[in-house]
Amino acid sequence: MPLKSIARPLALAGHALPWLIVIGYFFTADYYLSFGTEIMIWILFAMSLDLALGYAGILTLGHAAFFGVGAYAAGLFAIHVSPDPLLGHLAAIALAALLGLMTGAMILHTTGVTLLMLTLAIVSVISQYANQANDLTGGDNGLQGIKLAPIFGRFEFNLFGQTAYVYTAIVLFIWFLIAWRIVHSPFGRSLGGIRQNPRRMRAIGTPVWWRLLAIYTISAAMAGSAGALSADATSFVGLSVLDLLSSGIAAVMLILGGVRRIYGAFVGATIYFVVQDYTAKISPFFWEFVVGGMLMATVLFLEGGLMDLGNVARRAVERWRGGADDA
Amino acid sequence: MTAAPAISVRGLCKSFGALVVAQAIDLDLMPGARVALIGPNGAGKTTFVNLLTGFLRPDLGTIEMQGENIERLAPEDRVRRGLARTHQINTLLLENTVRENVAIAVAEREGFAWRALRFARQWRACLDEAQAQLEQMDIGAAAERPVAGLPYGQQRLLEIAIALSLKPRVLLLDEPAAGVPAHEAHVIHEALNRLPDSIAILIIEHDMDIVFRFAQEIVVLVQGRVLTRGVPAAISADPQVRAVYLGKTVV
Amino acid sequence: MLSFILTVLLDGISYGMILFLISVGLTVTMGLMRVVNLAHGAFAMIGGYVAGYLTQRGGNFYLSTIAAAIAAGAMGAVSEMTVLRPLYRKGELAQVLLTIGMVFVATGTITELFGAFPYPVVFPDYLTRPINIGFREYPAYRLFLIAVGAVIAAALWFLVERSIYGARLRAAVDNARMARAVGMDVNFLFTGTFIVGCALAGFGGAIGAGILSLEPAYALKYVVLFLVVVAVGGEGSFEGSFVAAMALGIIDTVGKYFVPLAAPYLLYAAVFVLLLWRPRGLLPPKSVA
């Protein structure tokens, strides 16, 4: 069968494609480079949510808490401790992971709406606190005066954003590899089991709470990393990094691109930004309508998100051919 | 020389407010035992299994395995000590294949289900063992199929296969034949006969056919209390049991 | 001193009444249909905007609020029959995401139709003036809210506790499978209850526009509040939502008066602690063990 012999090379090409695009964009984007950086940061954020929500089934909409904490940590580190962006990034990851560990330990025994509410309460508390703590966070005006040292003493952050872009791309790639590894490991499989049927997993001896805590912490670290990138790329941290809505938007990106599809975040974030950019030109508020409609359509008709179009098409072809052979 | 029981229950009690679901239940399961737990609906049979496996905490009483009291342990910890169960309603992972369902259990048992690095060889081993387990249950051919497409009888077999792959000392089967269409039931019967001799097995069943073919001892539970226990012949002749099952054919 | 305490209490109770009116539908449908509906605030918003539109053009206030309820109920019916029904079996994640999509659509539509600025509901003169209640002058509007809220709460209580519809509802919340088995048309019950819940929300959005001001971001801004009422009160619990709404209203108001800077996050911190202590809510409906 001719299809099978090109399957492998096709898969490899499929994997290389997103990264080729990332590289290609760098050389062709000109003034839109920072737009690409922003998309990549959101891809990372959405990926972090996919691990917790998509794969492990932890019903959370409070991930902006980790993103925001990571952003403020990176910014404050640069102002008060050291302008080295890499050190600040590590500090941000550590702080976000710590927050994830602590809050996860407190809430992960709950499920459903209670869990959802607890995550919302956490991000609300942190967000409101940041609003009040003007001295620390700059409140409404945001954290000003972040001056980052060049990475490795050589690569300077400047208005053209080249350093920021490459830096973001590399960080994204590293986290992608980590996420990939996790998802295909026994650990990742057990998370899938926990999502589908936690009782079943307990009945085979899985320490469910510990596994959930582990992935929640990793996911928090990843989100914190995205926040740090956001702070570094723009040299600014505003209250919007803690916006509850961000978690919702990340979830939107995931559903658009496909939950539990390793490149779902890539597709979803890109589509979201492209649609937003395009529809915002038509009318500033029309994009909400369009995005909402796309979201609803995706949930209703395309179970696996737009990345599932491939599967949908394949099944349609099989039906047309009169049924595939049974495995 | 008397061997020690694989699991020993003394005085197990549990109530939900005014509703008493377990009253001073005593039970010993020797290695290799084949004990059936029967009783009318609502007698507390599944509750008893939940108490044994840790999904419910008893108000009073002890459960002992290998000299250790396990009644305060979480379900996953009891599994590690060799206690496994099947469920009355299938709790299979529908999105995974048949073989993966078993392999995940094997990985858990072997202790590397938490691994995210250096796992390829071990996972391969899990899959191989899973395949062997499936062959044992005569469902090896279905290994790569998603669970959702499996006939119900084979799903029940898979449920048992998963429990067996945990290499338990004590196995609790909660109505293994429940919901299986009559023409597939013999498959379950055969699988039950092939269960390893060393495992102590407690089976909850309504299907008296299975009970009388399979059990060496029968325990009758009524309203959370052990009414009587004994060999099958004695139980079927017992007038008390007959009265409880009024209207039902016992033999 | 006493008058101050009473003022704070009255402010809190009137706020709580609005929260109750809007959230009671949500808690019943979440307990009944087990659907997580983040778009519930959108129905309150729709009701509010309808009332705003009508009253701004000189319509009678009371009729406008009725129209608001009807409009919201109708939108609820349409949503339930088209997009929500396929979701009952699809799990919480799908429901969360779809209802987020609905909020986006609603927000975008409202902005297109009515603009981005706060949209007022025009209240009758006598409601906008303060009334002398003995020890001080107090806004008639808030007294109105308390009165209307209390009447509706009592009527609902009567409906839920004393009527056959209520008995059916409670049975279906407790055990939908059993309810179907005894021949109850649970789907009809669901849809009907959902519509009533949306209508109540629309009504609450309309009369509450003086406290929860109408703007396109309404649905998104306040969804956390409504969910808090549901989660703290106990999913599916009518009494729970009332108690939780009152508690939330009073605590938030007390906070605003005494610790205005800390109030917002103290409230959510309190919610956090409360949910950890009582994960099923303060007054969860009794369920089958």
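The values are calculated or read from the model by the stated rules, or taken from the named source; none is laboratory data. For clarity, every value in this text was computed on a predicted model and none was experimentally measured. Quick reminder, even Gly has a Cβ in these numbers, built from the backbone with ideal geometry, and neighbours come from all protein chains shown.
Residue count for region C:55-107 satisfying the condition of being more than 9 Å from chain A (Cβ to nearest Cβ), outside any helix (DSSP H, G or I) and basic (Lys, Arg): 2.
Here are some residues: A:VAL274, A:VAL317, A:VAL290. Which one is at pLDDT 80 or above and more than 23 Å from C:GLN95 (Cα to Cα)?
A:VAL274
The set of residues from region A:9-34 being small (Gly, Ala, Ser) and assigned to a helix (DSSP H, G or I) comprises A:ALA11, A:ALA13, A:GLY14, A:ALA16, A:GLY24, A:SER34. Scanning region B:128-145 for residues that are under 28 Å from A:TRP210 (Cβ atoms) and surrounded by fewer than 18 Cβ atoms within 10 Å (Cβ to Cβ) yields a single hit, B:ASP128. Of all residues in region C:253-289, those satisfying the criterion of being in contact (Cβ under 8 Å) with a residue 12 or more places away in the chain, over 15 Å from C:LEU227 (Cα atoms) and part of a helix (DSSP H, G or I) are C:THR253, C:VAL254, C:GLY255, C:TYR257.
Among the residues of region A:162-169, are any surrounded by 22 or more Cβ atoms within 10 Å (Cβ to Cβ), more than 9 Å from chain B (Cβ to nearest Cβ) and of a type in the set (S, T, N, Q)? Yes, the conditions are met somewhere in region A:162-169.
Evaluate region A:106-128: report whether one residue or more is touching an Asp or Glu at 6+ places or on another chain (Cβ under 9 Å) and farther than 27 Å from C:GLY31 by Cα. Yes, region A:106-128 contains a residue that is touching an Asp or Glu at 6+ places or on another chain (Cβ under 9 Å) and farther than 27 Å from C:GLY31 by Cα. Within region A:242-267, the set of residues being at pLDDT below 85 and either touching a strand residue (DSSP E or B) at 6+ places or on another chain (Cβ under 7 Å) or more than 14 Å from chain C (Cβ to nearest Cβ) (or both) comprises A:ARG261, A:ILE262.
On the given criteria, is C:SER23 touching a Lys or Arg at 6+ places or on another chain (Cβ under 9 Å), surrounded by 24 or more Cβ atoms within 10 Å (Cβ to Cβ) and of a type outside the set (D, E, K, R)? Walk me through it before giving the result.
On the way: touching a Lys or Arg at 6+ places or on another chain (Cβ under 9 Å): no; surrounded by 24 or more Cβ atoms within 10 Å (Cβ to Cβ): yes; of a type outside the set (D, E, K, R): yes.
So C:SER23 fails the test.
Restricting attention to region B:57-114 and to residues that are among the acidic types (Asp, Glu), facing chain A (nearest Cβ under 9 Å) and part of a helix (DSSP H, G or I), the residue that is surrounded by the most Cβ atoms within 10 Å (Cβ to Cβ) turns out to be B:GLU108. Contact map, region C:231-249: first residue farther than 11 Å from C:PHE20 by Cβ, second residue of a type in the set (S, T, N, Q), Cβ cut-off under 7 Å, separation 6 or more or different chains; pairs are C:ALA231/A:THR114; C:GLU235/C:THR27; C:GLY236/C:THR27; C:SER237/C:THR27. When region B:115-129 is filtered for residues that are among the small types (Gly, Ala, Ser) and more than 7 Å from every other protein chain (Cβ to nearest Cβ), the ones remaining, listed by number, are B:ALA120, B:ALA125. Where helices (runs of 4 or more DSSP H) sit wholly within region C:130-241, those with at least 1 residues that are in contact with a helix residue (DSSP H, G or I) (Cβ under 6 Å, 6 or more places away or on another chain), within 14 Å of C:GLY31 (Cα to Cα) and at pLDDT 85 or above occupy C:186-207, C:218-233.
Looking at this structure, is A:GLY88 farther than 25 Å from C:GLY234 by Cβ and within 10 Å of chain C (Cβ to nearest Cβ)?
Values: farther than 25 Å from C:GLY234 by Cβ: yes; within 10 Å of chain C (Cβ to nearest Cβ): no.
In short, no.
Would you check if there is a residue in region A:136-146 being at pLDDT below 90, assigned to a loop (DSSP other than H, G, I, E, B) and crowded, with 22+ Cβ neighbours inside 10 Å? Yes - at least one qualifying residue is present in region A:136-146.
Comparison of A:LEU148, A:LEU172 shows that the only residue that is more than 14 Å from chain C (Cβ to nearest Cβ), in contact (Cβ under 8 Å) with a residue 24 or more places away in the chain and in contact with a Phe, Trp or Tyr (Cβ under 6 Å, 6 or more places away or on another chain) is A:LEU148. Candidates B:ARG194, B:ARG156: the one that is at pLDDT 85 or above, surrounded by 22 or more Cβ atoms within 10 Å (Cβ to Cβ) and basic (Lys, Arg) is B:ARG156.
Listed residues A:LEU116, A:LEU76, A:LEU101; which is within 13 Å of another protein chain (Cβ to nearest Cβ), in contact with a Leu (Cβ under 8 Å, 6 or more places away or on another chain) and not aromatic (Phe, Trp, Tyr)?
Values: A:LEU76 fails: within 13 Å of another protein chain (Cβ to nearest Cβ); A:LEU101 fails: within 13 Å of another protein chain (Cβ to nearest Cβ).
Selected residue: A:LEU116, the only one of A:LEU116, A:LEU76, A:LEU101 that is within 13 Å of another protein chain (Cβ to nearest Cβ), in contact with a Leu (Cβ under 8 Å, 6 or more places away or on another chain) and not aromatic (Phe, Trp, Tyr).
The set of residues in region A:272-285 that are surrounded by fewer than 19 Cβ atoms within 10 Å (Cβ to Cβ) and not charged (D, E, K, R) comprises A:PHE273, A:VAL274, A:VAL275, A:GLN276, A:TYR278, A:THR279, A:ALA280, A:ILE282, A:SER283, A:PRO284, A:PHE285.
What about A:ARG181, is it within 14 Å of another protein chain (Cβ to nearest Cβ), charged (D, E, K, R), loosely packed, with under 15 Cβ neighbours inside 10 Å and free of Cβ contacts under 8 Å to residues at least 12 places away in the same chain? Can you show your working first?
Details: within 14 Å of another protein chain (Cβ to nearest Cβ): yes; charged (D, E, K, R): yes; loosely packed, with under 15 Cβ neighbours inside 10 Å: yes; free of Cβ contacts under 8 Å to residues at least 12 places away in the same chain: yes.
Yes, satisfied.
Among the strands (runs of 3 or more DSSP E) confined to region B:163-251, the ones with at least 3 residues that are within 26 Å of B:GLN133 (Cβ to Cβ) are located at B:170-174, B:200-204.
Inside region C:81-112, residues that are polar (S, T, N, Q), crowded, with 22+ Cβ neighbours inside 10 Å and within 14 Å of C:ALA42 (Cβ to Cβ) make up a count of 2.
Scan region B:35-57 for residues that are in contact (Cβ under 8 Å) with a residue 24 or more places away in the chain, under 14 Å from the mean Cα position of the chain (by Cα) and closer than 17 Å to B:HIS87 by Cβ and report the count. The total comes to 10. Among all residues of region A:190-199, there is none that is within 21 Å of A:GLY88 (Cβ to Cβ) and either polar (S, T, N, Q) or away from chain B (no Cβ under 14 Å) (or both).
On inspection, C:MET178 does not qualify as touching a Lys or Arg at 6+ places or on another chain (Cβ under 7 Å) and either within 23 Å of A:GLY292 (Cβ to Cβ) or of a type in the set (A, V, I, L, M) (or both).
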